[in-house]
1. Among the candidates GLU85, GLU62, GLU67, GLU43, which residue alone is of a type in the set (D, E, K, R) and at pLDDT 85 or above?
2. Looking only at strands (runs of 3 or more DSSP E) that lie completely in the range 298-343, which have at least 1 residues being within 15 Å of LYS281 (Cα to Cα)?
3. Could you please let me know if GLU262 is modelled with pLDDT under 90, farther than 21 Å from THR22 by Cα and either in contact with a helix residue (DSSP H, G or I) (Cβ under 6 Å, 6 or more places away or on another chain) or not in a strand (DSSP E or B) (or both)?
4. Just give me the residues in the range 77-104 being outside any loop (DSSP other than H, G, I, E, B) and more than 14 Å from VAL11 (Cα to Cα), in sequence order.
5. Restricting attention to the range 256-288, and to residues there that are charged (D, E, K, R) and crowded, with 17+ Cβ neighbours inside 10 Å, which single residue is nearest to ASP227 (Cα to Cα)?
6. Limited to the range 147-165, what total is found for residues that are over 25 Å from the mean Cα position of the chain (by Cα) and within 17 Å of ILE202 (Cα to Cα)?
7. Residues in the range 143-156: is at least one of a type outside the set (A, V, I, L, M, F, W, C), at positive phi and modelled with pLDDT of 80 or more?
8. For a quick check of your reading of the model, give me the residue pairs whose first member lies in the range 55-71 and is on the phi > 0 side of the Ramachandran plot, whose second is in a loop (DSSP other than H, G, I, E, B), with beta-carbon atoms closer than 9 Å and at least 6 apart or on different chains.
Amino acid sequence: MERIRQAVIMVGGKGTRLRPLTETRPKPVLPVLDKPCLMYLIESMVNAGIDDVMLACGYKSEKLVAEIGNGEEFGISISYSYEDEPLGTAGAIKLIEDRLDDTFIAANGDVFADIDISKEIDIHRRTKATVTLALTPVENPCEFGIARIEDDGRISEFREKPRPEEVFSNLINAGVYVVEKRVMKEVPYRKAFDLSKELIPILMSRGERIQSYRLEGSWRDVGRPSDLLGANLDMAVKGYSDREWRGAFSDSVIEKPFYAGEGVIMKQSQAESSVILKGSKVLHSNLKDTLVMWNCDIDSSEIIGSILGEGCVVGEGSVIIDSVLGDGTSVKPNSRIRGNVIG
């Protein structure tokens, strides 16, 4: 049987709920431990033998190309398709239909996914499915598409963003699919059309097999600042231990999960459940549940439950709580910022 070697990742969204962090970059290149969020999904695909990845781009595509590149570092090909206006997940794939093999991977690029795609492919092949969806459990399924699965893993019902009284499952669509190309004939050309909301219901109504795969790795919908912070802390828990930081920051108190990127300077500070990216400096400060992006400068301040965009400067004596600061924000000394979005 011919191996599956192609993937399409839909990365055209504007990430409006993540503003102002997405005013200067598309959502898929927001950082998770100094690496674009999208790279974790691409690495999962490489591990599954995918060697041809196509990114269906829209918003700020030039930033995406600059950050992700052509795949040379992985020994694969990464190419780009551009849509002039949003076409939905299936509509974006339709633009490159003539480049696709008979079976391919499709994925939403606005999620953080550390997934064993090889297992999903194996289930798809074994069950002779038309489409296989990765599913993952969540606490609040009302924000997503939920699936009812039978004993053999077949999906018998699928409902997008149900009301609380309509919830019949906590398993939601994780946005990673194995797809038979023949279904693309149902998708109109250059018209907005959604893979999960429109195409899959059509296929189910015709008795096509829509199969489930229970995702085992980390997954987050990085749609809000709290999700971006959570993805960073998830990976800090998974990949790093407090032993790594004791020597470098011996005059500081660190409680894991914690991560500090290359060139970070931290002196006489405290950090708990926090991530500090490359080139940032934290002096005489207290961080908790916080993401500090690249090249920030923080002095004698307290920051809790917040995200600082690239190149922020926080003056002495400031307190920042439950807030998001856009790139290049300068906070005057002795400022008090609570529950605010600045940028």
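The values are calculated or read from the model by the stated rules, or taken from the named source; none is laboratory data. Everything quoted here is computed from the prediction, not taken from an experiment. No Cβ is skipped: glycine too gets one built from the backbone with ideal geometry, and neighbour counts run over all protein chains shown.
1. Details: GLU85 fails: at pLDDT 85 or above; GLU62 fails: at pLDDT 85 or above; GLU67 fails: at pLDDT 85 or above.
Checking each option against the conditions leaves just GLU43.
2. Details: elements: 302-304, 319-321, 336-338.
Because the criterion is at least 1 residues that are within 15 Å of LYS281 (Cα to Cα), the strands (runs of 3 or more DSSP E) in the range 298-343 that meet it are 302-304.
3. Working: modelled with pLDDT under 90: yes; farther than 21 Å from THR22 by Cα: yes; either in contact with a helix residue (DSSP H, G or I) (Cβ under 6 Å, 6 or more places away or on another chain) or not in a strand (DSSP E or B) (or both): yes.
Yes.
4. Going residue by residue through the range 77-104, those that are outside any loop (DSSP other than H, G, I, E, B) are 77-82, 88-94, 97-99, 103-104.
Of everything in the range 77-104, those that are outside any loop (DSSP other than H, G, I, E, B) and more than 14 Å from VAL11 (Cα to Cα) turn out to be SER77, LYS94, GLU97, ASP98, ARG99, THR103, PHE104.
5. Step one: filter the range 256-288 for residues charged (D, E, K, R), giving 256, 262, 267, 272, 278, 281, 288.
This time we only want the ones that are crowded, with 17+ Cβ neighbours inside 10 Å, so: 256, 281.
On the way: LYS256: 18, LYS281: 24 Å.
Across the range 256-288, the extreme among qualifying residues is LYS256.
6. Residues meeting the conditions: 3.
7. Yes, there is a match, as at least one residue in the range 143-156 is of a type outside the set (A, V, I, L, M, F, W, C), at positive phi and modelled with pLDDT of 80 or more.
8. Hits for this filter: LYS60/LYS14; LYS60/THR22; LYS60/THR24; LYS60/ARG25; LYS60/PRO26; GLY71/ASP51.
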